[in-house]
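A.B. asks: First the structure, which I've put down as structure tokens, then a few questions once you've had a look.
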Amino acid sequence: MSGSLDRNRIMKLFETLSARLAARGIRGQLYIVGGSAMIVGYGRERTTRDVDARIEYAKDAVLAAAEEIAEEENLDPNWLNENARLFMPPAKDDRARTVFNTPGLAVTGASAEHMLAMKIDAARNSDEDDIGVLIDQLEITSADQALEMYRTVLPHTATVDARRRELVSKIVDERVRNRR
């Protein structure tokens, strides 16, 4: 299975999904997070294995169409999934940005604030570059500012431990130094 999804492939998959849904008289709605949101919403030049989403409308139809596309395109059957839903902030993302909009499908990408909170929450070394991009996007100048945003977006689950503080401090210091 060919599971490497770059920006062009993700957008083509959205186009295919949109056409399939529109042909059935359905308009799906997705809110995407994770690697796919970083790629299509923040210009990250990398690939991801899947599209992590919250399917906000026509869930069954969207998943059925995505499975059909997976078979036709030789993709993992879960190329579009809701696996990250448990890690998404509970509050509505009022700053989510539209990244794809057609008659059959609307896709919004998580705001920089929500993405940063989720990336800090995960605190994976593999997320350091994404965290840096988001810190620049938000013009954050201190670790405290980034960690406060994390606590605001994820008020019930945010844990500011030594590992997260060190990770964020290191990235913020490096990014602020590079801005000068």
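A.B. asks: Report, in degrees rounded to the nearest 10, the 0 to 90 angle that the Cα long axis of helix 112-122 makes with the longest principal axis of the chain.
C.D. replies: 80 degrees
A.B. asks: May I pose another question? Return a whole-number percent for the relative contact order of segment 1-145, with Cα pairs under 8 Å and 6 or more residues apart as the contact set.
C.D. replies: Answer for segment 1-145 is 27 percent.
A.B. asks: Looking at the chain, send over the antiparallel percent of its DSSP beta bridges, to the nearest 5.
C.D. replies: 60 percent
A.B. asks: Cα axis of helix 128-137 to longest principal axis of the chain: angle in degrees, 0 to 90, nearest 10?
C.D. replies: Relative to the chain, helix 128-137 is tipped by roughly 80 degrees.
A.B. asks: Below 13 angstrom from the Cβ of Thr159, what's the summed charge of the other residues (Lys, Arg +1; Asp, Glu -1)?
C.D. replies: Net charge around Thr159: +2.
A.B. asks: Return the calculated 222 nm mean residue ellipticity for the chain, to the nearest 500 deg cm²/dmol, obtained by summing -39500 (n - 2.57) across DSSP H runs with n ≥ 4 and dividing by the residue count.
C.D. replies: So the helix-based figure for the chain works out to -16000 deg cm²/dmol.
A.B. asks: Can you give the Rg and Dmax of segment 7-110 based on its C-alpha atoms, in angstrom?
C.D. replies: That works out to 12.6, 36 Å for Rg and Dmax.
A.B. asks: Right, something else. Just want the ordering: Thr108, Thr16, Thr98, Thr141, from fewest to most Cβ atoms lying within 10 Å of their own Cβ.
C.D. replies: The most exposed by this proxy come first: Thr98, Thr141, Thr16, Thr108.
Only the coordinates and a few stated rules stand behind these numbers; no lab work does. Owing to the predicted nature of the structure, the values given are computational and were not obtained by experimental measurement. Cβ sites come from the backbone with ideal geometry, for glycine too, and all protein chains shown count toward neighbours.
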